[in-house]
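Presented below is the structure to which this report refers.
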Amino acid sequence: MFRSFSIFLNDFLLLIKHRLTSLVVFTTAMGYLIANRGDIELFNFIMTILGVFLVVGSANAMNQVFEVKVDGMMKRTASRPLPSRRMQKKTAILISILMLASGQYILYKFVNGISGLLALIAFVIYVFAYTPLKRITPLCTFVGAIPGAIPPVIGWTAVRGQIELGAIILFGIQFIWQFPHFWSIALLCKSDYERAGFKVLPSSDNRITAVNLVIYTFMLLPMGLMPTIAGFAGKYALVVSIFGGGLFFLQTLSLFKDNSMRSAKKIMFIAEIYLPLILIFLLIDKI
Ligand code: HEM
Ligand SMILES: CC(C)=CCC/C(C)=C/CC/C(C)=C/COP(=O)(O)OP(=O)(O)O
């Protein structure tokens, strides 16, 4: 009994992609805290986190419902609960619907309408646009980066009730960050993606992908300065964005030169550090 519960729990966590969901929810929390003025309204904060967690988990579960066959074709995803048949499709659909409905209820009832609406828009774009586009065009990453960058905006609107310049800047940083984050992973799993018929890289030529990476990390440099220019961050975030962004950019240049998986791995690693770090320093600057 306990064993089957722990297997179900583990499968549930895989279904909602708990690690990705955790970072997404973290960016919402940071958006909230960076936008907040004065004392934190704890109940509103917790409801925001819970509501976003539920909607993001739901989106990830529905994404896996639509991708059972292709997930089964990739090494990286073959052991997920649906392709490995440990969970039935209808269970996953039920989990996704319950999470979406409860997340939406919480956001509309306890947070505000705009935050609920943004979460719903992100859900729809991720599940109904990005997911099918992955097999059609490399532009899918651009589409997927929209819902990926909405979570900090939800944090902002939860506390301020409207989309302001700060929210747009956080959206911009997270939007651009996703390209090196994802394309470095996609380079490392290239044969997997090709086997499943996914067209997620800008080109099958690694050199062209590297050029795209150089361009996006270069754009991250001015974007990272925006919070300071807009006046809601100070010198700490500025230093992190210049040094972190610079390192990021130089690493993509290395990838362009050596076309090695070691360089791609380094980009993936820098991406994992860069986003949490810049958000934390934006908050430190505020305090
Ligand atoms: C276009 C948008 C995005 C794409 C295509 C994408 C794709 C991916 C893929 C394929 C992985 C799996 C790597 C693996 O299995 O080792 C991954 C991992 C991850 N992503 Fe993203 N991602 C995107 C946006 C985001 C966003 C917005 C966040 C958070 C703010 C995020 C956070 C993470 C985290 C934390 C992991 C590690 C998860 C783990 O190890 O299980 N990603 N991403
Ligand atoms: C509020 C709300 C719903 C926000 C959406 C947040 C969200 C799910 C962001 C992730 C963006 C994304 C494109 C991930 C990759 O999925 P993938 O299908 O390429 O990953 P996989 O290959 O591991 O399945």
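Taking residue 255, is it in contact with a helix residue (DSSP H, G or I) (Cβ under 8 Å, 6 or more places away or on another chain) and in the same structural domain as residue 173 (by TED's automatic domain parsing)?
So residue 255 fits the description; yes.
Being within 19 Å of residue 89 (Cβ to Cβ) and within 12 Å of ligand 2 (Cβ to nearest atom) is the filter; apply it to the range 1-25 and report the residue that is surrounded by the fewest Cβ atoms within 10 Å (Cβ to Cβ).
The qualifying residue surrounded by the fewest Cβ atoms within 10 Å (Cβ to Cβ) is 17.
Starting from residues that are in contact (Cβ under 8 Å) with a residue 24 or more places away in the chain and in a loop (DSSP other than H, G, I, E, B), keep the ones in the range 228-261 and report whichever is farthest from residue 172 (Cα to Cα).
259
Failed condition for residue 202, given (1) near ligand 2 (Cβ under 10 Å from one of its atoms); (2) in a loop (DSSP other than H, G, I, E, B), with all others met?
So the condition that residue 202 fails would be (1).
With respect to residue 184, is the statement that it is open to solvent by 30 Å² or more (accessible area, probe 1.4 Å), within 16 Å of ligand 2 (Cβ to nearest atom), assigned to a helix (DSSP H, G or I) and among the polar types (S, T, N, Q) true? It would help to see each step written out before you state the result.
Details: open to solvent by 30 Å² or more (accessible area, probe 1.4 Å): no; within 16 Å of ligand 2 (Cβ to nearest atom): yes; assigned to a helix (DSSP H, G or I): yes; among the polar types (S, T, N, Q): yes.
The answer is no for residue 184.
Name the residues in the range 163-175 that are open to solvent by 20 Å² or more (accessible area, probe 1.4 Å) and part of a helix (DSSP H, G or I), would you?
Once the filter is applied, which keeps residues that are open to solvent by 20 Å² or more (accessible area, probe 1.4 Å) and part of a helix (DSSP H, G or I), the range 163-175 yields 165, 168, 171, 175.
Exactly one of these conditions fails for residue 264: (1) touching a residue at least 60 places away in the same chain (Cβ under 8 Å); (2) open to solvent by 10 Å² or more (accessible area, probe 1.4 Å); (3) over 28 Å from residue 155 (Cα atoms); (4) among the aliphatic types (A, V, I, L, M). Give me its number.
With (1) touching a residue at least 60 places away in the same chain (Cβ under 8 Å); (2) open to solvent by 10 Å² or more (accessible area, probe 1.4 Å); (3) over 28 Å from residue 155 (Cα atoms); (4) among the aliphatic types (A, V, I, L, M) applied to residue 264, the lone miss is (2).
Would you please name the residue that is farthest from ligand 2 (Cβ to nearest atom), looking only at residues in the range 127-145 that are under 18 Å from residue 100 (Cβ atoms) and of a type in the set (Val, Ile, Thr)?
For the range 127-145, the residue satisfying everything is 127.
With the structure loaded, tell me whether residue 121 is β-branched (Val, Ile, Thr) and free of Cβ contacts under 8 Å to residues at least 60 places away in the same chain or whether it fails that test.
Numbers: β-branched (Val, Ile, Thr): yes; free of Cβ contacts under 8 Å to residues at least 60 places away in the same chain: yes.
Yes.
Restricting to the range 247-261, and then to whatever is of a type outside the set (S, T, N, Q) and open to solvent by 30 Å² or more (accessible area, probe 1.4 Å), can you tell me which residue is nearest to residue 217 (Cα to Cα)?
First, the residues of the range 247-261 that are of a type outside the set (S, T, N, Q): 247-250, 253, 255-258, 261.
Checking the rest, the ones that are also open to solvent by 30 Å² or more (accessible area, probe 1.4 Å) come to 247, 249-250, 253, 256-258, 261.
On the way: 247: 9, 249: 5, 250: 9, 253: 10, 256: 13, 257: 16, 258: 17, 261: 18 Å.
My answer is 249.
So which residues in the range 122-144 are among the aliphatic types (A, V, I, L, M) and either under 21 Å from residue 44 (Cβ atoms) or open to solvent by less than 60 Å² (accessible area, probe 1.4 Å) (or both)? Steps first, answer last, please.
Step one: filter the range 122-144 for residues among the aliphatic types (A, V, I, L, M), giving 122, 124-125, 127, 129, 133, 136, 139, 143.
Across the range 122-144, the qualifying residues are 122, 125, 127, 129, 133, 143.
Can you tell me how many residues in the range 26-36 are near ligand 1 (Cβ under 9 Å from one of its atoms) and surrounded by fewer than 24 Cβ atoms within 10 Å (Cβ to Cβ)?
Counting residues in the range 26-36 that are near ligand 1 (Cβ under 9 Å from one of its atoms) and surrounded by fewer than 24 Cβ atoms within 10 Å (Cβ to Cβ) gives 1.
Would you check which residues across the range 196-227 are open to solvent by 40 Å² or more (accessible area, probe 1.4 Å) and β-branched (Val, Ile, Thr) and list them?
Selection gives 208, 211, 215.
The values are calculated or read from the model by the stated rules, or taken from the named source; none is laboratory data. Just so we're clear, the structure is a prediction, and the values are computed from it rather than from any experiment. A quick note on method: Cβ atoms are made from the backbone with ideal geometry, for glycine too, and the neighbour counts reach across all protein chains shown. Surface areas here come from the heavy atoms of the whole protein model, side chains and all, with no ligands, DNA or RNA. Shrake-Rupley method; radii C 1.70, N 1.55, O 1.52, S 1.80 Å.
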